[in-house]
Amino acid sequence: MILEHEIPSGSKLYFGNSAKIKRKIEAIASTVLDEKGFEEIVTPIFSYHQHLSIADEKQIIRVNDARNNSLSLRADSTIDVVRIIEKRLGSNTTHKKWFYIQPVFRFPTEEQYQVGAEFMGERKLSSVTKIAVEIFDKLGVKPLMQISNIKIPELLVEMFEDLSIEDFKHVNIEKFLNLKVDWLEKLVYLQHVESIDAVMEIAPKAIREELQKMKDLCNETKYENTVLAPMYYAKMLYYDELFFRVIDKNEVYARGGRYKNEDLTSVGFAIYTDALCDTLSR
């Protein structure tokens, strides 16, 4: 029996102080993004293209339109923003920097509020990591920024026939170490940019090139609370190189990265408002 006061598990309710904190986060983030030349966009809740973004399609909430075409509730904003700007608004705007404040929805009843930014046509991830750092600084929090490169797991799968992408999704450290490869062991334990040169000296050329990109991103972002996670694999379908997570203990405050939609390379990130609200409410 469902009682009158019950709300679905995973849905969000903000009121009083929590609503005020949520609005503060959104106001600070939107002010910073506006100052950086980003314009706001609000995309439809319903989408025909969420399968292009979400690796686990079981997370997508599906419905049908009036013509019985399959569509879903918005589970991710990135690809929809880029697709709408390119395909629907292309002749009406040449602007490339966009931000959004809107929730996403996952099966069965999960809501997640986000503030996101997409810099279309930009290849340097530091263009947005520095903005994310500024937003967190203005919010008075100093979480950890974890930098990864999706190319490294992909290259390692090509190099070692015993490895698969599933090993990286599940962080199978024991399997990596059992290969008994010195440079790979050092790669597994690499955390700090100060140690990256020692790994690059002995790693294969292809791995060395991707580690250099991680090092450059650290130096360009200039955020002291940064760690490296070269073996971490993102579960978003569109990341194609560098990506990052902003974390504090077990909470993820933001994710972002470089991605490609058809022939257009872009960079962006999303801040998870709900997790920040919980922290700032304490």
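The values are calculated or read from the model by the stated rules, or taken from the named source; none is laboratory data. Values in this document were obtained by computation on a predicted structure and should not be read as measured data. Note that we place each Cβ from the backbone using ideal geometry, even for glycine, and neighbour counts take in every protein chain shown.
So is residue 76 charged (D, E, K, R) and crowded, with 19+ Cβ neighbours inside 10 Å or not?
On the way: charged (D, E, K, R): yes; crowded, with 19+ Cβ neighbours inside 10 Å: yes.
Taking the combined requirement at face value, the residue satisfies it.
With the requirement that a residue be closer than 16 Å to residue 255 by Cβ and assigned to a strand (DSSP E or B), what does segment 75-100 give you?
99, 100, listed by residue number.
List every residue pair whose Cβ atoms lie under 7 Å apart, where the two residues are 6 or more positions apart in sequence or sit on different chains, the first residue falls within segment 134-145 and is free of Cβ contacts under 8 Å to residues at least 40 places away in the same chain, and the second residue, located anywhere, is charged (D, E, K, R) and not in a strand (DSSP E or B).
none
Every residue, every condition in (1) in a helix (DSSP H, G or I); (2) under 24 Å from residue 71 (Cα atoms); (3) touching a residue at least 40 places away in the same chain (Cβ under 8 Å), yes or no:
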site	(1), (2), (3)
7	no, no, no
20	yes, no, no
27	yes, no, no
33	yes, no, yes
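Among the residues in segment 260-282, are any over 23 Å from residue 82 (Cα atoms), small (Gly, Ala, Ser) and surrounded by 15 or more Cβ atoms within 10 Å (Cβ to Cβ)?
Filtering segment 260-282 down to residues over 23 Å from residue 82 (Cα atoms) leaves 274-282.
If we keep only those that are small (Gly, Ala, Ser) too, we end up with 275, 281.
Remaining after also requiring surrounded by 15 or more Cβ atoms within 10 Å (Cβ to Cβ): 275.
Yes, the conditions are met somewhere in segment 260-282.
Regarding residue 217, is this residue hydrophobic (A, V, I, L, M, F, W, C), at negative phi, surrounded by 14 or more Cβ atoms within 10 Å (Cβ to Cβ) and in a loop (DSSP other than H, G, I, E, B)? Before you say what the answer is, go through the steps one by one.
Working: hydrophobic (A, V, I, L, M, F, W, C): yes; at negative phi: yes; surrounded by 14 or more Cβ atoms within 10 Å (Cβ to Cβ): yes; in a loop (DSSP other than H, G, I, E, B): no.
Against the criterion (hydrophobic (A, V, I, L, M, F, W, C), at negative phi, surrounded by 14 or more Cβ atoms within 10 Å (Cβ to Cβ) and in a loop (DSSP other than H, G, I, E, B)), residue 217 does not qualify.
Residue 77 passes all but one of (1) in contact with a Gly (Cβ under 6 Å, 6 or more places away or on another chain); (2) farther than 25 Å from residue 131 by Cβ; (3) not aromatic (Phe, Trp, Tyr); which number fails?
Answer for residue 77: the failing condition is (2).
Residues to consider are 35, 57; find the one that is in contact with a helix residue (DSSP H, G or I) (Cβ under 9 Å, 6 or more places away or on another chain) and surrounded by fewer than 16 Cβ atoms within 10 Å (Cβ to Cβ). Explain how you work it out, then say what you get.
Details: 35 fails: in contact with a helix residue (DSSP H, G or I) (Cβ under 9 Å, 6 or more places away or on another chain).
None of the others qualify; the one that does is 57.
Looking at the structure I just gave you, is residue 65 more than 26 Å from residue 243 (Cα to Cα) and without any contact (Cβ under 8 Å) to a residue 40 or more places away in the chain?
When the stated conditions are applied, residue 65 passes them.
So which pairs qualify, if the first residue must be in segment 86-103 and within 16 Å of residue 45 (Cα to Cα), the second must be modelled with pLDDT under 85 and part of a strand (DSSP E or B), the Cβ gap must be under 9 Å, and the two must be at least 6 apart or on different chains?
Short answer, once both residue conditions are applied: none.
Residues are listed down the side, and each one gets a yes or a no for (1) touching a strand residue (DSSP E or B) at 6+ places or on another chain (Cβ under 9 Å); (2) of a type in the set (A, V, I, L, M, F, W, C); (3) exposed (fewer than 14 other Cβ atoms within 10 Å of the Cβ); (4) outside any helix (DSSP H, G or I):
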residue	(1), (2), (3), (4)
146	yes, no, no, yes
157	no, yes, no, no
174	no, no, yes, no
183	no, yes, no, no
197	no, no, yes, no
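Can you tell me which residue in segment 227-247 is nearest to residue 185 (Cα to Cα), limited to those that are modelled with pLDDT under 95, under 10 Å from the mean Cα position of the chain (by Cα) and aliphatic (A, V, I, L, M)?
Filtering segment 227-247 for residues that are modelled with pLDDT under 95, under 10 Å from the mean Cα position of the chain (by Cα) and aliphatic (A, V, I, L, M), the one nearest to residue 185 (Cα to Cα) comes out as 234.
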